[in-house]
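Data block below; observations after.
The values are calculated or read from the model by the stated rules, or taken from the named source; none is laboratory data. Since this is a predicted model, take the numbers as computed values, not measurements. Here the Cβ positions follow ideal geometry from the backbone for every residue, glycine too, while neighbour counts run over all protein chains shown.
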């Protein structure tokens, strides 16, 4: 998943609309990336859990709207992506067919085959189109990277371990990463066992 298609650059959103419906693609700077087969169960569960946290905090999101893949985000004619989770605050970007313009927040859940693209091509793309907050979740290694836009450039990534709380920058929402990674945080376990006899 996420491999660069063996095709030349120069693809547009018009080309994208003519590709097979049973395949998922993204276009970054005119290069086609095949997103099939579908993500693994762990990936989808993490996406679901993140969406659940956001939906539980709708009052903090305000008038902004959360979406999840597969929803087309058309940044321009040569850049079409399907972020795992994203939030749009400018409702004029929302059309019946797709999102036209950059989201305010994007969260990508990386897999071994998409990690390089998420950290390089997508990071550069989202920075260029001024996505205010970009978060990459690494399920295999159980940590998170967060990039924040400052003066049209991403700062150095902030790193969060699985046992920490990720507090979103643009929304007052905290995500307990141990819950996202389905881990038991140290000190959270109930003391059921009787002490050993002396």
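Looking only at the range 77-105, residues that are without any contact (Cβ under 8 Å) to a residue 40 or more places away in the chain and surrounded by fewer than 18 Cβ atoms within 10 Å (Cβ to Cβ) come to 12 in all. Report the residue count in the range 129-141 for those that are over 15 Å from residue 75 (Cβ atoms) and surrounded by fewer than 17 Cβ atoms within 10 Å (Cβ to Cβ). Number of matching residues: 2.
Based on what the data block shows, is residue 41 out of contact with any helix residue (DSSP H, G or I) (no Cβ under 8 Å at 6 or more places or on another chain), surrounded by 15 or more Cβ atoms within 10 Å (Cβ to Cβ) and without any contact (Cβ under 8 Å) to a residue 40 or more places away in the chain? No. Among the residues of the range 106-128, the one identified as surrounded by fewer than 17 Cβ atoms within 10 Å (Cβ to Cβ), in a loop (DSSP other than H, G, I, E, B) and either at pLDDT 95 or above or within 12 Å of the chain's Cα centre (by Cα) (or both) is 120. When restricted to residues that are free of Cβ contacts under 8 Å to residues at least 40 places away in the same chain and under 16 Å from residue 115 (Cβ atoms), the range 140-160 contains 9.
Taking the range 54-64 as the range and being surrounded by fewer than 18 Cβ atoms within 10 Å (Cβ to Cβ) and on the phi < 0 side of the Ramachandran plot as the test, the residues that pass are 55, 56, 57, 58, 59, 60, 63. Picking from residues in the range 172-186 that are in contact with a helix residue (DSSP H, G or I) (Cβ under 7 Å, 6 or more places away or on another chain) and at pLDDT 95 or above, the one that is surrounded by the most Cβ atoms within 10 Å (Cβ to Cβ) is 180. Selection over the range 46-71 of residues that are touching a strand residue (DSSP E or B) at 6+ places or on another chain (Cβ under 7 Å) and touching a residue at least 24 places away in the same chain (Cβ under 8 Å) gives a count of 11.
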